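The values are calculated or read from the model by the stated rules, or taken from the named source; none is laboratory data. These numbers come from a predicted model, not from an experiment. In this analysis, Cβ positions are derived from the backbone assuming ideal geometry, glycine residues included, and neighbour counts consider all displayed protein chains. Side chains included, ligands, DNA and RNA excluded: accessible areas come from the protein's heavy atoms. Shrake-Rupley method; radii C 1.70, N 1.55, O 1.52, S 1.80 Å.
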Amino acid sequence: MAASKASRLGEEIWKTRIDKVNSELVVLTYGTIVAQLVKDFDSDYVEVNKQLDKMGYNIGLRLIEDYLAKSNTMRRCSNFRETAEMIAKVGFKIFLNITPTITNWTSDSKQFSLVFDENPLADFVELPDDGRAQDELWYSNILCGVLRGALEMVQMQVEAHFISDMLRGNDTTEMRISLLRYIDDELPPEDD
Amino acid sequence: LAEGGTSGLESGEATAAAAARKMDEDEERDAVFFRLEGLGYRVGQGLVERFSRDRPRFTDTLDVIKFLCKDLWMLVFRKQVDNLKTNHRGVYVLTDNAFRPFSRMSTETGGQAVVRAQPFLWFPCGIVRGALAAMGINASVQADSTELPGAVFQIKTIPAKAA
């Protein structure tokens, strides 16, 4: 699907098919969750990142269903570049009303970056001033998990992590996404 | 809804173990309640801080409760509270006949929908208590539901102790 077509689709769904919720409510709720995790894990930010990613993963596993239902796309993306377009222009648009910029593709088209000009999760957020959070905490890490979970449900194993964050004082907020492999249809694993 | 619920019948020997397990379940339930309610409290405080800024000063407790039922409810649940009752002695009962978080919940028949929906009231309880606290009213807040998607919140204000 062409980039402009994806944009139009995202816009259209956002306008007509999405129940909106007050953004301050989302921001405050997310902030409170992160703050609670920081407290629970005694400012072990590496662990907090991990927990956020895990929470996101579990959201992603289910959110893809809603994405497919709302976007009504019956067709698979024909390649990873198209997947990136759909993530940025439809996925992020309909759930967060933002469209991150896709950039920095590797030549094998397996890795790209999403650059967030705006990040609603980070509105009026300041990281703890303890000299460590700025280096260790990825505040919006839940988004990485969401992508990982959602893409796994449509047969793509990806790895996603932030490499910069304006909250840390960086110039941009950038997430790196790598396609590890397409998951073949296989029998579900045994319950363990 | 979250997984939960145990079967009713227990064999004799298992009773003690079951009692211990029940205890654990109760403790866990309380811990989850405490956690969710606390998270909500912080959110409620923040919301009021942002959204009561440009309005005139509250005249009395009822004025605050009305703000809660109209403005805050609208903000959080995109509708207003359907009914407000008070005994004029510090107790307020808010009835929402179509509580948003419940609007898409259902279980199979006999699935104890109401019981399993209960945990979803804890975070909102916290929001209400936090919002009230930010407006200078100490209160305890309880909520329950007799039939989905309705929910009833009971607010008991705690009068400031006379010096």
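Sticking with the crude label model, points 7 Å out along Cα→Cβ, report the distance from residue A:22 to residue B:21 in nm, one decimal please.
4.2
Given Cβ point charges of +1 (Lys, Arg) and -1 (Asp, Glu) and nothing else, what value in debye, to the nearest 20, does the dipole of region B:63-122 about its Cα centre take? Could you put the intermediate results ahead of the total?
Details: 9 positive and 5 negative charges, 13 e Å.
That gives region B:63-122 a dipole magnitude of about 60 debye.
In degrees between 0 and 90, to the nearest 10, how far off the longest principal axis of chain B does helix B:14-51 point, with axes built from Cα atoms?
It works out to around 20 degrees.
In bins 10 Å wide, starting from 0, what share of all Cα pairs of chain B does each bin hold, as a percent?
Final binned percentages: 10, 34, 31, 16, 8, 2, 0.
Taking only C-alpha pairs under 8 Å that are 6+ residues apart, what is the relative contact order of chain A in percent?
Numbers: 278 pairs, mean separation 48.2, N = 192.
Once divided by the residue count of chain A, the mean separation gives 25 percent.
Rounded to the nearest Å, what's the spacing between the alpha carbon centres of region B:93-163 and region A:61-90? Just the number, please.
36
Accessible area lost on pairing B with A, both sides, 1.4 Å probe, Å² to nearest 100?
For chain B against chain A, roughly 1200 Å² becomes buried.
Dipole of the protein assembly as shown, Cα-centred, from +1 at each Lys and Arg C-beta and -1 at each Asp and Glu C-beta, to the nearest 20 debye?
Working: 42 positive and 53 negative charges, 362 e Å.
The calculated dipole for the protein assembly as shown is roughly 1740 debye.
Can you list the lysines whose alpha carbon is less than 29 Å from that of residue A:20, not counting same-chain residues fewer than 8 positions off?
Partners found: A:5, A:50, A:54, A:70, A:89, A:93, B:66, B:70, B:79.
Which residues, if any, in region A:1-28 lose at least 40 square angstrom of accessible heavy-atom surface (probe 1.4 Å) when the other protein chains sit next to their chain rather than the chain being alone?
Residues meeting the cut-off: A:19, A:22, A:24, A:25, A:28.
What is the angle, in °, between the Cα long axis of helix B:122-134 and the longest principal axis of the Cα atoms in chain B? Nearest 10 is fine, range 0 to 90.
20
How many angstrom lie between the Cα centre of region A:140-170 and the Cα centre of region A:16-57?
13
Roughly how compact is chain A, stated as its Cα Rg over 2.2 N^0.38 Å to two decimals?
With N residues counted in chain A, Rg over 2.2 N^0.38 Å equals 1.03.
What residue among A:127, A:63, A:167 has the largest mean-square fluctuation in a Gaussian network model of chain A, using Cα springs under 10 Å?
In the Gaussian network model the winner is A:127.
Counting other Cβ atoms within 10 Å, keep those with at most 16, restrict to DSSP loop, and tell me which trypsin sites (Lys or Arg not before Pro) in region A:1-69 are left.
A:17, A:20
Quick one: accessible area per residue over chain B, 1.4 Å probe, rounded to a whole number of Å²?
63
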